[in-house]
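Participant: The structure's right below; bear with me while I get my questions together.
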Amino acid sequence: QLGLNPIADLTDTLEGLGLLVIVADEENPGFSGLTAKARTEDGREYPVVAVSKRWPGDRQRFTLAHELGHLLLEGRLTDGINEEKACDRFAGAFLAPRVAVLQLLGAQRHALEWQELYVLKHDSGLSMAGWLQRAKQCGAITETAHLSSDANILIDPVTTTTWHWRLVHQ
């Protein structure tokens with residue numbers, strides 16, 4: 001039972017569930033992660049999740065949750081459902097459950113402050129873009145809601161990472 005609070009150490013949690021987690025030093029910039037199965041000499045299988053160490057922590061957490069989605073949803077999706085999108089949706093819901101999103105953001109907001117998203121990112125380990133997506137998916141904001149900021153470019157004061165928001169004032 002994980003509850004609604006952010007998962008403090010996702011790698012430890014997954015390993016506690018019996019998954020082998022590998023942080024890979026992969027040169028390919030397109031590699032985020034993968035799911036596989038390892039088989040012991042006696043035929044026992046263990047799920048393996050690999051994630052690239054080249055991505056920031058929030059991206060690694062999302063990738064780990066996404067790959068967990070592949071393991072849990074395997075053979076359960078109906079035809080016509082995009083597995084990658086389903087695993088993205090699973091990852092977002094796993095890291096920010098609907099009840100928690102609505103508790104933190106409220107329902108039917110007209111705007112989100114980017115500072116709110118910044119705090120949520122650092123409290124939960126889910127990216128600001130991930131929070132914005134989850135807010136839309138959970139009904140806290142509509143597709144036409146916007147970030148209440150005069151700029152659509154944000155700079156993280158700690159990492160100096162720059163975000164170019166596609167969702168701007170309407």
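Participant: Name the single residue, out of those in the range 25-45 being under 20 Å from the mean Cα position of the chain (by Cα) and among the small types (Gly, Ala, Ser), that is modelled with the lowest pLDDT.
Facilitator: 30
Participant: Still on this model: Looking for whichever is assigned by TED's automatic domain parsing to the domain that holds residue 135 and on the phi < 0 side of the Ramachandran plot here; the options are 71, 120, 77. Which one fits?
Facilitator: Working: 71 fails: assigned by TED's automatic domain parsing to the domain that holds residue 135; 77 fails: assigned by TED's automatic domain parsing to the domain that holds residue 135.
After ruling out the rest, the residue left standing is 120.
Participant: Would you mind telling me which numbered condition in (1) under 12 Å from the mean Cα position of the chain (by Cα); (2) exposed (fewer than 12 other Cβ atoms within 10 Å of the Cβ); (3) charged (D, E, K, R) residue 59 fails?
Facilitator: (2)
Participant: Mind checking which residues of the range 99-130 are modelled with pLDDT of 90 or more, over 19 Å from residue 8 (Cα atoms) and not in a helix (DSSP H, G or I)?
Facilitator: The answer is 106, and nothing else.
Participant: Then there's this: Report, by residue number, each residue of the range 28-87 that is in contact (Cβ under 8 Å) with a residue 40 or more places away in the chain, touching a helix residue (DSSP H, G or I) at 6+ places or on another chain (Cβ under 8 Å) and not hydrophobic (A, V, I, L, M, F, W, C). Write out each step before concluding.
Facilitator: Pass one, the range 28-87, residues in contact (Cβ under 8 Å) with a residue 40 or more places away in the chain: 56-59, 61-62, 64-65, 68, 71.
Next cut, touching a helix residue (DSSP H, G or I) at 6+ places or on another chain (Cβ under 8 Å) only: 58, 61-62, 64-65, 68.
Result: 58, 61.
The values are calculated or read from the model by the stated rules, or taken from the named source; none is laboratory data. No experiment lies behind these values; they were computed from the predicted model shown. Here Cβ is always computed from backbone atoms with ideal geometry, including for glycine, and neighbour counts include all displayed protein chains.
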